[in-house]
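Quick notes on the structure that follows.
The values are calculated or read from the model by the stated rules, or taken from the named source; none is laboratory data. Bear in mind that the values here come from a model prediction, so they are computed numbers and not experimental data. We place every Cβ from the backbone using ideal geometry, glycine too, and count neighbours over all the protein chains shown. Quick note on the areas: whole protein, heavy atoms, side chains included, nothing else; ligands and nucleic acids left out. Shrake-Rupley method; radii C 1.70, N 1.55, O 1.52, S 1.80 Å.
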Amino acid sequence: MTTEQKLMTEPKMTAFHKGRAWIELSREALRHNVEMLKAKLPDGCRLMPAVKADAYGHGAVLIAKELNRMGVDDFCVACVAEGAELRRHGVKGEILVLGYTHPEQFPLLREYQLTQTVIDYSYALTLDSFGKKLHVHIGIDTGMRRLGERSENIDRICGIFERKNLIVDGIFTHLSASDTLTQQDREFTESQVNSFYQVIRELEEHGYSCPKVHLQSSYGVLHYPELAADYARVGIALYGILSTGEDTEKWGEFLRPVLSLKARVAAVRELYAGEAAGYGRQFVAENERKIAALAIGYADGLPRSLSGGVGAVLIDGYKCPVVGRVCMDQTIVDVTGVPHVREGDTAVLIGCCGNQEISACNLAEQAGTITNEILSRLGARLDRVIV
Ligand SMILES: *Cc1c(COP(=O)(O)O)cnc(C)c1O
């Protein structure tokens with residue numbers, strides 16, 4: 001292999017790893033989550049991990065290849081580019097594109113052997129007019145009102161099966177309220193499930209042999225594991241956490257977080273009484289403090305809303321609050337109580353350190369969002385390693 005080829009096939013060279021700020025992925029945690037989720041599913045139902053958005057920030061190629069080794073080989077992504085990246089790195093199995101693909105990109109669906117979602121009947125006509133065979137799954141809208149042909153339009157759904165260039169491998173819907181178990185949301189989810197199965201029955205009555213069916217994402221599997229399907233499109237749960245701290249606590253025993261986020265201490269400084277640190281001189285030391293600059297910032301996905309002591313990091317098992325404003329590439333923290341901290345040390349932003357832990361849920365709560373957003377925004381500049 002030439003150096004050039006090597007650079008193309010290996011996403012990062014080892015020498016760059018852990019240089020500045022990085023993500024560590026636990027293979028054991030991933031394997032554990034795969035086994036636990038599989039055990040929840042009815043016989044014959046397979047995992048179809050959602051590895052969109054760079055596998056929720058974890059690194060799609062690393063995660064998908066690891067999953068391939070664990071015998072998982074069905075995936076879903078948001079767009080063609082994500083699917084193509086997986087293929088270029090040798091990921092095997094079915095890759096379903098959940099979102100919209102512009103007709104200019106239809107050739108890529110064939111080149112990279114991707115399966116496209118049929119967004120509705122009119123999109124089926126667009127796909128068909130490409131003139132070459134395409135593998136598709138039909139999206140059915142049962143209440144999300146985002147993508148999918150409406151479940152009551154059975155004639156149009158049958159019409160999709162009639163397109164001669166479309167090879168229909170699957171049909172699916174998406175549950176919009178399966179994450180909460182209030183009476184109202186349970187009833188709504190049941191109505192979605194019923195409408196979906198009704199479509200399948202009617203298709204069979206019309207003589208269409210129904211391909212693979214799927215409807216659950218993470219919360220669908222956890223809250224409604226008994227639903228009959230061929231695939232479960234799990235995202236967040238596979239990564240070992242749930243969208244909120246409360247849910248993660250509830251399922252905490254059952255899942256293990258895959259991702260840790262770490263960064264180097266770039267410099268340790270004295271801050272004298274009355275001095276300010278960072279942009280806008282927002283933080284002013286009342287008394288003498290010791291502060292450290294970390295080599296990670298909001299461009300790496302660390303929310304800027306953790307500024308001004310809202311967030312904290314762990315160094316040597318000590319909790320060190322954020323000082324002043326999070327910068328694009330750097331963040332200052334207060335290390336006054338940490339005895340031996342020096343340049344080159346490791347700070348933990350998500351994960352365990354000593355007997356302390358900061359979870360993605362903690363960050364999500366501090367930033368006023370859900371873990372899915374925190375994780376999926378972790379930047380491309382971070383190195384990603386499996387440990
Ligand atoms: C993202 C996505 C999933 C995965 O959702 P999680 O809640 O992370 O498990 C499943 N299905 C569709 C259509 C999605 O867009």
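Residue by residue, here is whether (1) open to solvent by less than 20 Å² (accessible area, probe 1.4 Å); (2) not polar (S, T, N, Q) holds:
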| residue | (1), (2) |
| --- | --- |
| ILE296 | yes, yes |
| ALA299 | no, yes |
| LEU302 | yes, yes |
| LEU306 | yes, yes |
| ALA312 | no, yes |
| VAL322 | yes, yes |
| CYS327 | no, yes |
| GLN330 | no, no |
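A count restricted to the range 268-304 and to residues that are farther than 24 Å from ALA367 by Cβ and within 35 Å of the chain's Cα centre (by Cα) stands at 1. For residues that are more than 25 Å from the chain's Cα centre (by Cα) and at positive phi, scanning just the range 340-361, find the one that is most open to solvent (accessible area, probe 1.4 Å). Result: GLY354. Taking (1) touching a Ser or Thr at 6+ places or on another chain (Cβ under 8 Å); (2) farther than 24 Å from GLY59 by Cβ; (3) in contact (Cβ under 8 Å) with a residue 60 or more places away in the chain in turn, ALA293 satisfies each apart from (3).
State the number of residues belonging to the range 243-289 that are assigned to a strand (DSSP E or B), over 30 Å from ARG31 (Cα atoms) and either of a type in the set (S, T, N, Q) or open to solvent by less than 70 Å² (accessible area, probe 1.4 Å) (or both).
Here is the first cut: in the range 243-289, the residues assigned to a strand (DSSP E or B) are 259-271, 276-277, 283-284, 289.
With the extra rule that they be over 30 Å from ARG31 (Cα atoms), the set shrinks to 265-271, 276-277, 283-284, 289.
In the following step, the residues that additionally are either of a type in the set (S, T, N, Q) or open to solvent by less than 70 Å² (accessible area, probe 1.4 Å) (or both) were identified as 265-268, 271, 276-277, 283, 289.
Qualifying residue count for the region: 9.
Taking the condition more than 15 Å from ILE138 (Cβ to Cβ), touching a His at 6+ places or on another chain (Cβ under 8 Å) and either polar (S, T, N, Q) or outside any helix (DSSP H, G or I) (or both), does LEU215 pass? Here the answer is no, as LEU215 does not meet what is asked. Of all residues in the range 84-110, those that are among the small types (Gly, Ala, Ser) and within 14 Å of the ligand (Cβ to nearest atom) total 1. Residues of the range 48-73 that are open to solvent by 10 Å² or more (accessible area, probe 1.4 Å) and not in a helix (DSSP H, G or I): MET70, GLY71, ASP73.
Residues in the range 20-47 that are open to solvent by less than 70 Å² (accessible area, probe 1.4 Å), under 18 Å from GLY351 (Cα atoms) and of a type outside the set (A, V, I, L, M, F, W, C): ARG20, GLU24, SER26, HIS32, ASN33.
Would you pick out the residues in the range 101-125 that are touching a helix residue (DSSP H, G or I) at 6+ places or on another chain (Cβ under 8 Å), free of Cβ contacts under 8 Å to residues at least 24 places away in the same chain and within 19 Å of ILE157 (Cα to Cα)? Selection gives GLN116 alone.
If you go through the range 204-218 one residue at a time, do you hit one that is more than 12 Å from the ligand (Cβ to nearest atom), of a type in the set (Asp, Glu) and either over 24 Å from the mean Cα position of the chain (by Cα) or more than 30 Å from ALA364 (Cα to Cα) (or both)?
Pass one, the range 204-218, residues more than 12 Å from the ligand (Cβ to nearest atom): 204-213.
Checking which are of a type in the set (Asp, Glu) leaves us with 204-205.
Right, trim to either over 24 Å from the mean Cα position of the chain (by Cα) or more than 30 Å from ALA364 (Cα to Cα) (or both) and you get 204-205.
So far as the range 204-218 goes, yes, one or more of its residues are more than 12 Å from the ligand (Cβ to nearest atom), of a type in the set (Asp, Glu) and either over 24 Å from the mean Cα position of the chain (by Cα) or more than 30 Å from ALA364 (Cα to Cα) (or both).
Among the residues of the range 31-63, the ones that are within 30 Å of GLN330 (Cα to Cα) and of a type outside the set (Val, Ile, Thr) come to 10 in all. With respect to GLY311, is the statement that it is on the phi > 0 side of the Ramachandran plot and not hydroxyl-bearing (Ser, Thr, Tyr) true? Judged against the criteria, GLY311 is not a match.
Here THR117 does not fit the description of being surrounded by fewer than 16 Cβ atoms within 10 Å (Cβ to Cβ), β-branched (Val, Ile, Thr) and out of contact with any Asp or Glu (no Cβ under 6 Å at 6 or more places or on another chain). Every listed requirement among (1) more than 16 Å from the ligand (Cβ to nearest atom); (2) part of a helix (DSSP H, G or I) is met by PHE196 save one, (1). Among the residues of the range 115-128, is there at least one that is over 30 Å from PRO225 (Cβ atoms) and in contact with a His (Cβ under 9 Å, 6 or more places away or on another chain)? Among the residues of the range 115-128, not one is over 30 Å from PRO225 (Cβ atoms) and in contact with a His (Cβ under 9 Å, 6 or more places away or on another chain), which makes the answer no.
Under 30 Å from ARG281 (Cβ atoms), surrounded by fewer than 19 Cβ atoms within 10 Å (Cβ to Cβ) and modelled with pLDDT under 95: which single residue out of GLY337, GLY368 fits that description?
Working: GLY368 fails: modelled with pLDDT under 95.
Exactly one of GLY337, GLY368 is under 30 Å from ARG281 (Cβ atoms), surrounded by fewer than 19 Cβ atoms within 10 Å (Cβ to Cβ) and modelled with pLDDT under 95, namely GLY337.
Scanning the range 228-269 for residues that are free of Cβ contacts under 8 Å to residues at least 12 places away in the same chain and in contact with a Cys (Cβ under 9 Å, 6 or more places away or on another chain), we see that the one that is farthest from the ligand (Cβ to nearest atom) is GLU249. The set of residues from the range 228-242 being open to solvent by less than 20 Å² (accessible area, probe 1.4 Å) and not β-branched (Val, Ile, Thr) comprises ALA229, TYR231, ALA232, ARG233, GLY235, ALA237, LEU238, TYR239, GLY240, LEU242. What number of residues in the range 176-215 are open to solvent by less than 50 Å² (accessible area, probe 1.4 Å), in contact (Cβ under 8 Å) with a residue 12 or more places away in the chain and charged (D, E, K, R)? Residues in the range 176-215 being open to solvent by less than 50 Å² (accessible area, probe 1.4 Å), in contact (Cβ under 8 Å) with a residue 12 or more places away in the chain and charged (D, E, K, R): 1 in total. Restricting attention to the range 371-383 and to residues that are outside any helix (DSSP H, G or I) and open to solvent by less than 30 Å² (accessible area, probe 1.4 Å), the residue that is farthest from the ligand (Cβ to nearest atom) turns out to be ASP383.
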